[in-house]
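The values are calculated or read from the model by the stated rules, or taken from the named source; none is laboratory data. Only a predicted model underlies this, so the values are computations on that prediction, with no experimental measurement involved. Cβ: placed from backbone, ideal geometry, glycine included. Neighbour counts: every protein chain shown. Side chains included, ligands, DNA and RNA excluded: accessible areas come from the protein's heavy atoms. Shrake-Rupley method; radii C 1.70, N 1.55, O 1.52, S 1.80 Å.
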Amino acid sequence: MFSFKEYSQEILATVILLLILVALRIIVAELIRRYASSSQLLEHRTNLVIKYVHILMNILVAICLIVIWGVDTKDIFFYVSSIATVIGVAMFAQWSILSNITSGIILFFSFPFRIGDTIKIHDKDFPIEAEIEDISAFHVNLKTKEGERIIFPNNLLLQKGISIMPAKYEDKEFFD
């Protein structure tokens with residue numbers, strides 16, 4: 001039969017760990033939101049990065065809980081290596097998805113251009129000059145002067161040379 005006295009240390013450690021997780025999730029989310037607002041980044045991109053960070057934190061807490069409750073490390077390594085192998089084989093075919101997600105996070109924290117900027121992508125075979133309409137986790141939506149919409153993967157933005165074109169202001173007469 002289950003006895004609280006027998007597992008009191010594990011229960012206390014679990015409660016403390018879960019409280020730390022909740023506090024860290026709130027603190028990290030607030031720090032990312034502050035960074036995003038100071039960098040004038042969009043809310044949906046901010047929420048996406050927060051979601052990725054929370055997933056990573058949950059995985060780390062799950063590992064800590066396994067250690068707290070004394071699961072045999074040999075069993076843990078066996079199951080984790082089996083799961084990692086299956087995921088690795090499955091994701092090898094989908095490496096571009098992971099590459100685009102990682103690139104999306106990198107671009108979030110060190111993004112030299114913003115929505116509304118006109119950029120020129122220096123590609124030998126297919127040079128592009130277009131305005132950035134949206135930036136998502138996997139790709140950037142571009143619109144050329146001719147109205148053509150281009151979906152450009154995030155990982156290619158990190159691989160290609162990019163120029164940010166100066167804003168073109170039309171000289172207009174203003175009347176009162």
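Points to keep in mind about this one:
- All positions within the stretch 116-139 that are more than 24 Å from residue 29 (Cα to Cα) and in a strand (DSSP E or B): 118, 119, 120, 121, 122, 128, 129, 130, 131, 132, 133
- Looking across the stretch 133-147, the residues that are of a type outside the set (S, T, N, Q) and free of Cβ contacts under 8 Å to residues at least 12 places away in the same chain come down to 146, 147.
- Residue ID - modelled with the lowest pLDDT, chosen from residues in the stretch 118-133 that are open to solvent by less than 50 Å² (accessible area, probe 1.4 Å) and out of contact with any Gly (no Cβ under 8 Å at 6 or more places or on another chain): 123
- The stretch 148-162: number of residues that are within 15 Å of residue 118 (Cα to Cα) and either of a type in the set (Ser, Thr, Tyr) or open to solvent by less than 40 Å² (accessible area, probe 1.4 Å) (or both): 4
- Inspection of the stretch 151-166 finds a residue satisfying the criterion of being out of contact with any Leu (no Cβ under 7 Å at 6 or more places or on another chain), within 22 Å of residue 47 (Cβ to Cβ) and modelled with pLDDT of 90 or more.
Residue by residue, here is whether (1) under 21 Å from the mean Cα position of the chain (by Cα); (2) at pLDDT 75 or above; (3) part of a helix (DSSP H, G or I); (4) of a type outside the set (Asp, Glu) holds:
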position: 61; (1), (2), (3), (4): yes, yes, yes, yes
position: 67; (1), (2), (3), (4): no, yes, yes, yes
position: 74; (1), (2), (3), (4): no, no, yes, yes
position: 114; (1), (2), (3), (4): yes, yes, no, yes
